[in-house]
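K.L.:
I have a structure I would like to understand better, so I am pasting it below and will then ask my questions one at a time.
Values quoted throughout were computed directly from the atomic coordinates according to the rules given, and no laboratory measurement underlies them. Just so it is clear, the structure is predicted and the values come from calculations on it, not from any experiment. Don't worry about glycine lacking a Cβ; one is built from the backbone with ideal geometry, like all the others, and counts go over all protein chains shown.
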């Protein structure tokens, strides 16, 4: 823990741990599916990339570093895809964000699907 | 610092798993499962540093792929009620 590279990697890993804990606290505390998705996907991607960079700084040999960069690229590609799939399925299933008064996209969606132009309102 | 990171990530995974168990609706559980999968991917990478064994990185890569496919299948099943439609 004496060399500056080890210190930098420790700082990266502790920062990433802070981001992970903050995103999980957001998942526990937020009131809605969409806000929970916001907390659990974006902040956690940043935290995971920080932790993986901290691990890559301490790896011996180039193979481990290459694998870690593959994991980072994969997370960067797939985390937004997964969150988009979850949000899309929630909206198509009929869950509206909290506090929505009138949903303008619903008429477009239903016109594209069946021809009915009804506006969905949030259930009280 | 490595052990501190491990304990912090384990605490985060436990707290996220609480949302998986007690989530009021199904998409909450899906979101929390996605979060726990990402946390465990990074946890496996830190374990590779802790045990000084680079095999854990391969496991982390395979776990990331499986977690992504898992979340996609769950979201598609939740949207349609069946997988192929």
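K.L.:
Could you tell me how many degrees, from 0 to 90 and to the nearest 10, lie between the Cα long axis of helix B:26-50 and the main elongation axis, the longest principal axis, of the Cα atoms of chain B?
P.N.:
20
K.L.:
Based only on other Cβ atoms within 10 Å, what is the fewest-to-most ordering of A:23, A:3?
P.N.:
A:3, A:23
K.L.:
Based only on other Cβ atoms within 10 Å, what is the fewest-to-most ordering of B:10, B:15?
P.N.:
By the 10 Å Cβ count, ascending: B:10, B:15.
K.L.:
Here is a follow-up. Based only on other Cβ atoms within 10 Å, what is the fewest-to-most ordering of A:17, A:78, B:42? Intermediate results must be reported in sequence, preceding the final value.
P.N.:
Numbers: A:17 26, A:78 19, B:42 30.
Ordered from fewest to most neighbouring Cβ atoms within 10 Å, A:17, A:78, B:42 come out as A:78, A:17, B:42.
K.L.:
For the pair residue B:73 and residue A:73, what calculated FRET efficiency results from E = 1/(1 + (r/R0)^6), where r is the Cβ-Cβ distance and R0 = 25 Å, to the nearest 0.05?
P.N.:
Efficiency computed from Cβ-Cβ geometry: 0.65.
K.L.:
Apply 1/(1 + (r/R0)^6) to the Cβ-Cβ distance of residue A:11 and residue A:93, taking R0 = 45 Å, and write down the FRET efficiency to the nearest 0.05. Show your work: numbers first, answer last.
P.N.:
On the way: r = 42 Å, r/R0 = 0.93.
My answer for the efficiency is 0.60.
K.L.:
So, one more: How large is the convex hull of the Cα atoms of chain A per residue, expressed in Å³ as a whole number?
P.N.:
With only Cα atoms used, chain A gives 114 Å³ per residue.
K.L.:
To test your reading of the geometry: what angle, between 0 and 90 degrees and rounded to tens, separates the Cα axis of helix B:55-80 from the longest principal axis of chain B?
P.N.:
That works out to roughly 10 degrees.
K.L.:
Just the Kirkwood number for the protein assembly as shown, please: inverse of mean 1/r across all distinct Cα pairs, in Å, one decimal.
P.N.:
Here the Kirkwood hydrodynamic radius works out to 18.2 Å.
K.L.:
Could you tell me what fraction of 2.2 N^0.38 Å the Cα radius of gyration of segment B:2-80 comes to, as a two-decimal ratio?
P.N.:
1.20
K.L.:
Then there is this: Using only the alpha-carbon atoms, how far is helix A:44-58 inclined from the longest principal axis of chain A? Give it as 0 to 90 degrees, nearest 10.
P.N.:
10
K.L.:
Would you compute, from DSSP H runs of 4+ residues alone, the mean residue ellipticity of chain B at 222 nm, taking -39500 (n - 2.57) per run and dividing by the full residue count, rounded to the nearest 500?
P.N.:
Result for chain B: -30000 deg cm²/dmol, rounded to the nearest 500.
K.L.:
Expressed in nm to one decimal, what extension gain is obtained for the pair residue A:29 and residue A:102 from 0.36 nm per residue of sequence separation less their Cα-Cα distance?
P.N.:
Using 0.36 nm per residue and subtracting the Cα-Cα distance, I get 23.7 nm.
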